[in-house]
Amino acid sequence: SAVASLAARSEVARLEAAHKVTKRLEKSLTETKADQVHSGGAGTPFKGAGVVVGVIDYGFDAAHEAFRKPGGGPSRVVAFWDQTAQTGNKPAGFTYGAECTTAQLTDNTCAHAAADSHGTHVTGIAAGGPVQGTPYLGLAPEADIAYVHLGTAPNAADDNEGLSTAICDATSFIFKAAAALGKPAVVNM
């Protein structure tokens with residue numbers, strides 16, 4: 001009953017009724033035209049090989065099929081740092097957290113417990129490889145992956161409150177890992 005009076009207000013530019021929204025992640029490659037890059041529509045086909053996709057986020061299922069080489073091969077995660085870990089080997093040049101090797105990730109012996117799945121979701125969109133029985137594929141499914149599970153700030157109100165210095169450290173970690181491999185990197189935070 002208030003729609004007409006709301007529509008008459010000067011600060012209202014448009015009103016729209018609610019409509020159904022469905023997940024359409026399987027269309028992301030087409031919508032972003034990444035499918036054309038994958039197929040070589042503008043030249044050489046490219047799916048991210050030779051690049052490191054870095055992600056700084058919370059919660060990552062490093063054992064997920066989307067982050068392994070095709071056919072259940074070894075992990076595509078070339079660098080992994082859990083900034084919240086209290087035990088384990090600290091990454092070179094840093095005084096906190098623990099780093100897992102690609103071998104640990106491949107063997108599922110990395111101590112990181114993915115209590116959240118947001119980082120898995122984001123990394124899947126950026127660099128997830130094919131998963132049997134699903135239509136989803138990341139934008140760079142052949143890229144190597146570097147992941148940092150962001151640490152929480154001291155006395156944080158919740159687990160999603162980090163420090164800007166930890167984000168800077170995470171970015172540095174990712175670019176150092178890529179440089180050690182002689183590859184360029186891109187980082188999603």
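Every number here is computed from the coordinates shown, using simple stated rules; none is lab data. Note that this is a predicted model, so its numbers are computed, not measured. Don't worry about glycine lacking a Cβ; one is built from the backbone with ideal geometry, like all the others, and counts go over all protein chains shown.
Side notes on the structure shown:
- Angle between the chain longest axis and helix 164-181 axis [Cα atoms, degrees, rounded to 10]: 60
- Descending semi-axes in whole angstrom, ellipsoid equivalent of the stretch 37-142, from the Cα gyration tensor: 27, 15, 12
- Residue with peak Gaussian network fluctuation, the chain [Cα springs, cutoff 10 Å], from Val21, Val53, Val148: Val21
- Free-standing Cys residues across the chain, given no other cysteine C-beta under 4.7 angstrom: Cys168
- Using just its DSSP H runs of length 4 or more, each adding -39500 (n - 2.57), the chain gives a mean residue ellipticity at 222 nm of -7000 deg cm²/dmol after division by all residues.
- Enclosing the Cα atoms of the chain in their convex hull gives a volume equal to 194 cubic angstrom per residue.
- Each of the peptides 40-50, 64-74 was scored by the mean count of other Cβ atoms within 10 Å over its residues; in descending order, highest first, they stand as 64-74, 40-50.
- Among beta bridges that DSSP assigns inside the stretch 39-189, antiparallel share in %, nearest 5: 20
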